[in-house]
Structure formats: C-alpha cells, structure tokens
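Contents: one structure, followed by commentary.
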Amino acid sequence: MAEGKTQSPGPKKCGPYISSVTSRTVNLMIRGVVLFFIGVFLALVLNLLQIQRNVTLFPPDVIASIFSSAWWVPPCCGTASAVIGLLYPCIDRHLGEPHKFKREWSSVMRCVAVFVGINHASAKVDFDNNIQLSLTLAALSIGLWWTFDRSRSGFGLGIGIAFLATLVTQLLVYNGVYQYTSPDFLYVRSWLPCIFFAGGITMGNIGRQLAMYECKVIAEKSHQE
C-alpha cells in the first residue's frame, strides 16, 4: 500500500488585489486612512487655489476660511476619497477585470499632478466664456482617464461620482452653506462635473495602487514563510 504523501501548503495565491487574507479588515482600514489623509491634503491645496481666484466665497482670510467656516470641507473630501479609493479595486475584483494599465507609482504621481493642473487651469486660466472653460476641462478630464485608466469601470464610476458630487454641491449651495461667484448652472459652476470626474479617476488610481502594493507585500511574506 503506497504511503500517503503529505504536501506542504504553498503560499496563498493573491491576484492583482487583496482577495482572501486573514487581516483583510486591517488592510482595508489602513488603506482607508491613507486615502482619507490624501483626500484632505488635496482638498486643502485645491481650496487655496479656488480662494485665490475668488471662485468660492469663504471668509477673506485664507487660513480662517480653512479652519473655521470651511472646516468641514477637507474631512468630507477625505471621506469621499477613502470611499472612492476603496470602491475602485472592489468593483474591478467583482467584475473580474483587474486593472493592469500602468500599474506603478510613477504613473499615479503623474495622474495626481495632471489632476492638480486641471484644477489650477480652472482657477488661473482666463477663458472667454464658461462654455469654453467647461469644454476644455471636459477634454482634459477625459484625456486624464485615457492616459492613466482606460477601463470601462473607471469611466463609469467617474461619471457616477461626477453626477452625485455635483448634485450634493448644488444642494449645499441652494441651502446657503456656501456659494460660487457667478454661478452659471443651477447655482454652481458648469465645469464642476469635470473636476469631480478627474478627481474620481485620480483617487481610484491611488486606491488601486495601494491595493496592489499591499498584495505584493503579502505575497513576499508568504514566499518567505
């Protein structure tokens, strides 16, 4: 009778994103915290750009506008960034379409730089009219998606995020929480959906890369064991 052969369990297989690990909750929490602080930082930087151009009407003192009447803006943006950054790899995993396009941190950093540049253009560059500004930012935002994403899930989520964020902003402005100078689209600026779309793509790429990075670390540890 042949002796039964015992096979040592090999390392856990890990796909492009973390799928089944014992510390999955901890990994999600860590990624969520990192994404939250990235969102807070970007919100502070972009808010300063808008205030300098007098696009948003917060109190005149820039520092006071950040830490007094607008104190809720960075936490809200951080929370939204965490949700978006965690949602993108989750949707990719459930669709069975792991994102494989330009999976490196240098690409993510360039995506962030382009996103900040789009916001800078909306605050600094003078256009003849709002339609020209909106069309230009729309082209730049779609170009950002094509350059750094190119996934159907990313495009669809970006559209959904832009619609939902614009709706929430419109409700806040309508209820007098804050206001925009010279609103041209139902209390808000018509180019805001383009900014929200680009922001969703950017935070989605950061979230995907964080998930990919943690997966690589777990794979290396499993091989060492």
Qualifying residue in region 72-88 (condition: within 24 Å of ARG189 (Cα to Cα), at pLDDT 75 or above and surrounded by fewer than 13 Cβ atoms within 10 Å (Cβ to Cβ)): yes
Enumeration of residues in region 162-207 that are touching a Pro at 6+ places or on another chain (Cβ under 9 Å), at pLDDT 90 or above and farther than 22 Å from TRP72 by Cα: GLY204, GLY207
Total residues in region 58-71, condition modelled with pLDDT under 55 and out of contact with any helix residue (DSSP H, G or I) (no Cβ under 8 Å at 6 or more places or on another chain): 7
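Would you be able to tell me the number of residues in region 117-131 that are closer than 24 Å to ASN47 by Cβ and either over 16 Å from the mean Cα position of the chain (by Cα) or open to solvent by 40 Å² or more (accessible area, probe 1.4 Å) (or both)?
Number satisfying all stated conditions: 9.
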Residue list for region 13-50, restricted to those being at pLDDT below 70, over 24 Å from PHE101 (Cα atoms) and either open to solvent by 80 Å² or more (accessible area, probe 1.4 Å) or within 17 Å of the chain's Cα centre (by Cα) (or both): THR22
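The values are calculated or read from the model by the stated rules, or taken from the named source; none is laboratory data. Please read all numbers here as calculations on a predicted model, not as lab measurements. Counting neighbours? That spans all protein chains shown, and the Cβs are built from the backbone with ideal geometry, glycine included. Ligands, DNA and RNA are excluded from the accessible area calculation, which covers all protein heavy atoms including side chains. Shrake-Rupley method; radii C 1.70, N 1.55, O 1.52, S 1.80 Å.
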